Amino acid sequence: MIYRKNQKNSGNLSQLGFGCMRFPRKGLNIDIARSAEMVHSAIERGVNYFDTAYIYPGSEEALGKILSDGWREKINLATKMPLFLVRSAADFDKFFTEQLKRLKTEHIDYYMLHMLTDLNYFDKLRILGIEDWINKEKLSGRIRNIGFSFHGRSDEFIKIIDAYDWEFCMIQYNYLDEHYQAGTAGLKYAYEKNIPVIAMEPLRGGKLAAGLPQAALGEFSAADKARTPAGWALRWLWNLAEITVVLSGMSSPEQVNENITAAAESQIGMLTKEELKTVENVKNIMLANIKVHCTGCGYCMPCPAGVDIPTAFGAYNEGAISGKLKTRMNYLMMAGIVAKSPQFASQCIKCGKCEPLCPQNIEIMRELAGAKKYLEPIWAKPAAKIAKKFTIGGVKTNK
């Protein structure tokens, strides 16, 4: 296994991290025996970063059992606080204590605030006392490193990075997501600030490993018949100095073996110009069916009517890859549930102020109408309004 230095604490992290959201199941429950075989094998072969979360069904409990009998001390354990369930300062202790119990541990090596979307969201946590709580838990030793996982725009990511002395962060990143969410701009900014970046969704939930268009498979095969699509996607990430850990959710021993083999062969700057061109060709094939060629630059913002234009277009494009249901749910979360005020595409008043500002010359008003139709079924906004009342997004503050 190859390790990368944590810029914050000089520790060594395996460049492959084990995502525990997709443990194999037996019926409705996690198959503990099979999962333990995978986890123990990965540890023996050098993987030392394991990631789970409160909201991954059964994952924390399963990992707690699997890491008993001395395995826990060999790894860095990461998990996340379920922010959308937090309503008061008391919830910080409530969820964290439950997580320690589930994981059968006295401390978390890498603890995250789960699914931050913008600075306003973090400010609401501050008002509830999150900074004092973090300081208390770090002094007690129950949290070793504090970070956040991010699902929002790159400009908001940068604001969050600057808002606190973070020790690491997690972003969605792969060869399709250079302009999605935190994107390359966010990745490079965190790196310049010496904040370790954990890259999640390296295979886009498996979509970059299986189900690629035939033309994309042809590009990969012509360049290297032996290398799988997953191998290409992972190597593309490990080629980058800005990424500390590539987190892969593995659900079979075969996936563990393939990913560890790829990690052992991969290092910064290893891909040739020809290999990078191959990945670029595949990306262009994958993106051929996207709806709007928006790079998320934000030059069109702010919108007088409150529309978050880059988020709307990002979700609209995401639907072509990830499917309608998941995309709609993510969009409702960002534009309605955790946003300070509603930011839906349907709020467009066709004032036209945005279009002259767009470097891509996108017909923004027309495309927002398409995004509205795709992303906002009749139930969407009422559902977001109700959900907001039960999340921190609905907590009243004076800010």
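Miscellaneous remarks
- Residue tally, condition charged (D, E, K, R) and closer than 19 Å to I130 by Cα, over the range 157-182: 4
- Qualifying residue in the range 181-190 (condition: within 29 Å of A320 (Cβ to Cβ) and part of a loop (DSSP other than H, G, I, E, B)): yes
- Scope the range 17-31; condition assigned to a strand (DSSP E or B) and of a type in the set (G, A, S); matching residues: G17, G19
- Taking residues in the range 110-131 that are closer than 30 Å to N12 by Cα, and partners anywhere that are among the charged types (D, E, K, R) and not in a helix (DSSP H, G or I), the pairs with Cβ atoms closer than 6 Å and at least 6 places apart or on different chains are M112/K80; H114/K80.
- Pairing residues of the range 24-47 that are in contact (Cβ under 8 Å) with a residue 40 or more places away in the chain with residues that are assigned to a helix (DSSP H, G or I) and among the hydrophobic types (A, V, I, L, M, F, W, C), at Cβ distances under 7 Å and at least 6 apart in sequence or on separate chains, gives M38/V256; S41/V256; A42/V256; A42/I260; R45/I260; V47/I260.
- Whichever residue in the range 52-78 is of a type outside the set (G, A, S) and touching a strand residue (DSSP E or B) at 6+ places or on another chain (Cβ under 6 Å) and, among such residues, is farthest from D109 (Cα to Cα): T52
- Screening A312, A320, A305 for residues that are surrounded by fewer than 20 Cβ atoms within 10 Å (Cβ to Cβ), assigned by TED's automatic domain parsing to the domain that holds R366, part of a helix (DSSP H, G or I) and touching a helix residue (DSSP H, G or I) at 6+ places or on another chain (Cβ under 6 Å) leaves exactly one candidate, A320.
- Any hit, the range 243-256, residues being assigned to a helix (DSSP H, G or I), farther than 30 Å from N76 by Cα and of a type outside the set (A, V, I, L, M, F, W, C): no
- Residue within the range 172-183 that is at pLDDT below 95, touching a strand residue (DSSP E or B) at 6+ places or on another chain (Cβ under 6 Å) and closer than 21 Å to N76 by Cα present: yes
- Of the residues screened, K326 is not one that is free of Cβ contacts under 8 Å to residues at least 40 places away in the same chain, of a type outside the set (F, W, Y), touching a helix residue (DSSP H, G or I) at 6+ places or on another chain (Cβ under 6 Å) and not assigned by TED's automatic domain parsing to the domain that holds L125.
- Any hit, the range 247-258, residues being farther than 30 Å from Y111 by Cβ, surrounded by 20 or more Cβ atoms within 10 Å (Cβ to Cβ) and modelled with pLDDT under 95: no
- Residue count, the range 146-180 (criterion: charged (D, E, K, R), under 21 Å from C297 (Cα atoms) and either outside the structural domain of L208 (by TED's automatic domain parsing) or part of a loop (DSSP other than H, G, I, E, B) (or both)): 3
- Selection status of V338, surrounded by 19 or more Cβ atoms within 10 Å (Cβ to Cβ), at pLDDT below 80, not small (G, A, S) and not assigned by TED's automatic domain parsing to the domain that holds L176: yes
- Residue match in the range 269-285 (condition: under 20 Å from the mean Cα position of the chain (by Cα) and either in contact (Cβ under 8 Å) with a residue 24 or more places away in the chain or more than 26 Å from P196 (Cβ to Cβ) (or both)): yes
- All positions within the range 32-57 that are surrounded by 18 or more Cβ atoms within 10 Å (Cβ to Cβ) and part of a loop (DSSP other than H, G, I, E, B): V47, N48, T52, A53, Y54, Y56
- Here is the figure for the range 96-110: residues that are part of a helix (DSSP H, G or I) and surrounded by fewer than 18 Cβ atoms within 10 Å (Cβ to Cβ) total 4.
- Those residues of the range 266-291 which are surrounded by 14 or more Cβ atoms within 10 Å (Cβ to Cβ) and charged (D, E, K, R), in sequence order: E275, K283, K291
The values are calculated or read from the model by the stated rules, or taken from the named source; none is laboratory data. Quick caveat: nothing in here was measured; it's all calculated off a predicted structure. All Cβ positions, even for glycine, are placed from backbone atoms using ideal geometry, and neighbour counts span all protein chains on display.
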